[in-house]
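Novice: Attaching a single structure in structure tokens format; questions to follow.
A short reminder: the numbers here are calculations on the coordinates, not readings from a lab. What you see is a predicted model; the values in this text were computed from it and never measured. Neighbour counts run over all protein chains shown; Cβ positions are idealised from the backbone, glycine included.
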Amino acid sequence: MTEIGPGRLNDDDDTQRHVLRLIWKFVVHLAVGTFLFVLIALVALGLAHFVEWLGRHGMPTALLQVMTFMEYALLGVDVIAFSIFLYTMLAELVRALIWRR
């Protein structure tokens, strides 16, 4: 192995292993992030069904509107956070792959 720059190796096997490690890390983070996104989205869906059930059983309209707003806010924040997470993870992967080469 000969050094050709900061953090760069000439050995193809080490480079391939490093790239595969980066991709594996990305896939694992993506799987965990997706799981958490789906989990929070299911909570929002459960809240929607609960609000609907409360509406059928005579809950005041003002309270139903507040709970519906919270349902949409939860889902909206979840989507925004997941989008930021995906962008950050993809940018980190691309940055690591470009820096390595």
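Novice: Report, by residue number, each residue of the range 52-101 that is among the small types (Gly, Ala, Ser) and either surrounded by 14 or more Cβ atoms within 10 Å (Cβ to Cβ) or in contact with a strand residue (DSSP E or B) (Cβ under 6 Å, 6 or more places away or on another chain) (or both).
Specialist: Gly55, Ala81, Ala96 - these are the residues of the range 52-101 that are among the small types (Gly, Ala, Ser) and either surrounded by 14 or more Cβ atoms within 10 Å (Cβ to Cβ) or in contact with a strand residue (DSSP E or B) (Cβ under 6 Å, 6 or more places away or on another chain) (or both).
Novice: Against the definition (under 22 Å from Ala81 (Cβ atoms), assigned to a helix (DSSP H, G or I), touching a residue at least 24 places away in the same chain (Cβ under 8 Å) and among the β-branched types (Val, Ile, Thr)), how does Ile23 come out, yes or no? Outline the logic, then answer.
Specialist: Numbers: under 22 Å from Ala81 (Cβ atoms): no; assigned to a helix (DSSP H, G or I): yes; touching a residue at least 24 places away in the same chain (Cβ under 8 Å): yes; among the β-branched types (Val, Ile, Thr): yes.
Considered against the rule, which asks whether it is under 22 Å from Ala81 (Cβ atoms), assigned to a helix (DSSP H, G or I), touching a residue at least 24 places away in the same chain (Cβ under 8 Å) and among the β-branched types (Val, Ile, Thr), Ile23 comes out as no.
Novice: If I ask for residues that are in contact with a helix residue (DSSP H, G or I) (Cβ under 7 Å, 6 or more places away or on another chain) and either farther than 12 Å from Ala44 by Cβ or touching a residue at least 40 places away in the same chain (Cβ under 8 Å) (or both), which ones from the range 54-76 would you list?
Specialist: Residues satisfying the conditions are Leu54, Gly55, Leu64.
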